[in-house]
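The values are calculated or read from the model by the stated rules, or taken from the named source; none is laboratory data. None of the values given here were measured: they were computed from a predicted structure. No Cβ is skipped: glycine too gets one built from the backbone with ideal geometry, and neighbour counts run over all protein chains shown.
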Amino acid sequence: RALRIGLTGGIGSGKSTVAGLLRARGAHIVDTDAIAHRLTAPGGRAIAAIAAAFGPEFIGANGAMDRARMRERVFADPAERQRLEAILHPLIAEDTEAEAAAAPPGAPVVFDVPLLVEAGRRWRERVDRILVVDCTPATQIARVVARNGWTPEAVERVIAQQATREQRRAVADAVILNEGTDLDPLARAVDHVWKSWL
Ligand code: ATP
């Protein structure tokens, strides 16, 4: 069976950049965020179940889940969050497996999972190796301010909700430190991991 890698890291750490470098080396990338988003987009497979469980008012006029309304509903209520996750997680598992199955024979599969560590055992059990992209909060903030135009405080709030660097390191099989503003050292670090795992 081809190697299955879980790729994770905090906001702005450089996951997508690393995924691109791995793709260039022959990996098949499964973007789990895109898949989750598609499930709650107009016509998405989760829409009917969400309407049934939470009420039709959680589906907007365009047929997509009303994200703002749902965020408000689940934000301070773990039971409601669990109810939503009970709908989404099995569908995400199915769709990510379907995309993994579409990999060329023998190609390593890289699951890009921003919240892999936060998800507990759920993702860890599905991959052979965990690759963590790591950098300091200051670098995360600088990148996301530059990329998304957010305020530093908004980035800090997201960082505070995510796993810590230490929590990610604790489950990592390899850590790539991505502090710089240069792609060359990052590409070399990716090569190093790639060669040692294949
Ligand atoms: P998010 O979780 O927020 O989607 P991410 O972890 O996928 O973020 P990227 O989108 O890969 O992070 O990187 C964040 C920003 O920083 C991007 O604009 C990217 O181009 C830039 N960046 C990341 N690493 C480097 C690097 N080594 N050299 C130059 N730019 C970088």
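Summary table below
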{"quantity": "Output for segment 12-52, where each listed residue is under 22 Å from Asp182 (Cβ atoms), within 12 Å of the chain's Cα centre (by Cα) and crowded, with 19+ Cβ neighbours inside 10 Å", "calculated": "Gly12, Ser13, Gly14, Lys15, Ala19"}
{"quantity": "Where Ala41 falls short, out of the listed (1) of a type in the set (A, V, I, L, M); (2) within 14 Å of the ligand (Cβ to nearest atom); (3) not in a strand (DSSP E or B)", "calculated": "(2)"}
{"quantity": "Residue match in segment 116-129 (condition: surrounded by fewer than 17 Cβ atoms within 10 Å (Cβ to Cβ) and either under 22 Å from Gly44 (Cα atoms) or within 13 Å of the ligand (Cβ to nearest atom) (or both))", "calculated": "yes"}
{"quantity": "Check on Gln167, among the polar types (S, T, N, Q) and away from the ligand (no atom under 12 Å from the Cβ)", "calculated": "yes"}
{"quantity": "Among (1) within 13 Å of the ligand (Cβ to nearest atom); (2) not assigned by TED's automatic domain parsing to the domain that holds Ala154, the one test that Glu80 misses", "calculated": "(1)"}
{"quantity": "Qualifying position, being at pLDDT 95 or above, within 16 Å of the ligand (Cβ to nearest atom) and not aromatic (Phe, Trp, Tyr), among Ala107, Ala160", "calculated": "Ala160"}
{"quantity": "Test: residue in segment 174-193 that is in contact (Cβ under 8 Å) with a residue 60 or more places away in the chain, in contact with a strand residue (DSSP E or B) (Cβ under 9 Å, 6 or more places away or on another chain), of a type in the set (Gly, Ala, Ser) and more than 12 Å from the ligand (Cβ to nearest atom)", "calculated": "no"}
{"quantity": "Scan of segment 144-188 for residues that are β-branched (Val, Ile, Thr) and either within 19 Å of Arg129 (Cβ to Cβ) or surrounded by 13 or more Cβ atoms within 10 Å (Cβ to Cβ) (or both), ordered by number", "calculated": "Val144, Val145, Val155, Val158, Ile159, Thr164, Val171, Val175, Ile176"}
